[in-house]
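One structure is given here, and the rest of the page talks about it.
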Amino acid sequence: MASVYLNKKRKKRLEAGHPWVFKGEIARIEGEPNPGDIVTVHANNGMFLAKGYFNPRSQIQVRVMTYNPDEVIDRAYFVRRIQEAYDFRKRMLHDTGGCRLVYGEADFLPGLVVDKFGDTLVVQILSLGMEVRKQEIIDALLQVVQPKAIYERSDVGVRELEGLEQTTGLLHGELDETIVIQENGLKMIVDVVGGQKTGYFFDQQENRAAIKDYVQTGVDGQPGAAVLECFSHTGSFTVHAAAFGAKQITCLDISEHAIDTAIRNVEINGMEDDADFEFVVADAFEQLREWEREGRQWDTVILDPPAFAKSKHAVAGAVRGYKEINLRGMKLVKERGFLITASCSYHMHPDLFLETIQEAAIDAKKILRLVEFRTAGRDHPKIHGMDENNYLKFAVFEVRSRK
């Protein structure tokens, strides 16, 4: 087994829990590891720190698998790690029918994501080290979870940084024509083949449940708020708002397929007559400006856009995008209503996210009161010392005019 020795003057990120070793942190390599091989990682003085898989083509040259020098990375290792991840979800969640089962580095399985949709698993393999161990991963999932089907959604650009092609396909069993999960007691249709990412966004599961107090009544104190959900994807916040008593709900997304699925989700829950629904296929930036010109307003406006910043170089543009969409959103909130706004861009750090919303409030002549600030749910634990895990920001503001 080859050994990697780190620079003497490096920051001690590895000791603080961060499981990546970057190319620039390496002083020397003893031995000739092949891409994907397990290597030992040592401090400059030779002290053992960790074991992980090696990829010379990536800027992240080692991803840590274990801090135990005697642990072997084999099929039994994956069975143990996946069992631990599953047991954790069983302890933390009321229902594991739909959840993130494996969250990469946070479950000590770097480069591997597994989402559980009933008896179907969707696997996303993001790194070379996991790609070469795909069969061991599949075998371990079959042993621990015993799913009916395993489908791969490794169609993400980050694989190319690892020297891998994007790929999708069935790895085990047969897919049901329609997959329906239960979330917070509600039914949600999931498209694991054609949907975004793995087909559904579990990171907002607890946040969707948390909107109850902001949609039950309007600013006039009457039952049932008027709610606008922007970037709705498949209407998960819309369905929750209806379940919690909202009486007027507008659901907006640029994707006709997403809106069609949102309508199906309302129907599958038998909610057609529970509220006055309006489904709109349009660009959110343009549509919000149009509604502002029309003078439309809602008691609660929900903004859950896709990641505007997928790299450090995109942050400046992302700040402009987040400022614009939040400015438009808060102008559509009734006096003393609520703006619920989220960002899933890791590079949009929490302080910058809140600063950007504040700048939008200044331009919109609004005063904001922060009521609640949340992150991803408990099926997305965060390694302390690894900021990359802590990507989701979810904030609730009361909106008042500056008069």
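The values are calculated or read from the model by the stated rules, or taken from the named source; none is laboratory data. Note that this is a predicted model, so its numbers are computed, not measured. Methodologically, a virtual Cβ is constructed for each residue, glycine included, from the backbone with ideal geometry; neighbour enumeration extends over all protein chains shown. Remember, those area values only see protein heavy atoms, side chains included, never the ligands or the DNA or RNA. Shrake-Rupley method; radii C 1.70, N 1.55, O 1.52, S 1.80 Å.
Figures for the structure shown
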quantity: Residue list for region 113-149, restricted to those being open to solvent by 10 Å² or more (accessible area, probe 1.4 Å), more than 13 Å from Leu175 (Cα to Cα) and assigned to a loop (DSSP other than H, G, I, E, B); calculated: Leu126, Val132, Arg133, Val145, Gln146
quantity: Qualifying residues in region 310-326 (those that are within 16 Å of Lys393 (Cα to Cα) and at pLDDT 85 or above) - the one surrounded by the fewest Cβ atoms within 10 Å (Cβ to Cβ); calculated: Val315
quantity: Breaking point among (1) surrounded by fewer than 15 Cβ atoms within 10 Å (Cβ to Cβ); (2) touching a residue at least 40 places away in the same chain (Cβ under 8 Å); (3) over 27 Å from the mean Cα position of the chain (by Cα), for His257; calculated: (3)
quantity: Test: residue in region 172-186 that is open to solvent by less than 70 Å² (accessible area, probe 1.4 Å) and within 30 Å of Gln59 (Cα to Cα); calculated: no
quantity: Condition met for Gly52 (within 22 Å of Met130 (Cα to Cα) and open to solvent by less than 70 Å² (accessible area, probe 1.4 Å)); calculated: yes
quantity: Spans of helices (runs of 4 or more DSSP H) in region 196-298 with at least 3 residues touching a Pro at 6+ places or on another chain (Cβ under 9 Å); calculated: none
quantity: Members of region 117-143 that are β-branched (Val, Ile, Thr) and touching a Leu at 6+ places or on another chain (Cβ under 9 Å); calculated: Thr120, Val123, Ile125, Ile137, Ile138
quantity: Hits in region 347-376 - residues which are part of a loop (DSSP other than H, G, I, E, B), modelled with pLDDT of 95 or more and not basic (Lys, Arg); calculated: Thr375, Ala376
quantity: Pick from region 260-276, criterion without any contact (Cβ under 8 Å) to a residue 24 or more places away in the chain and farther than 13 Å from His233 by Cβ, ranking: least open to solvent (accessible area, probe 1.4 Å); calculated: Gly270
quantity: Candidate set: region 332-362, residues that are without any contact (Cβ under 8 Å) to a residue 12 or more places away in the chain and among the acidic types (Asp, Glu); chosen: the one nearest to Gly218 (Cα to Cα); calculated: Glu355
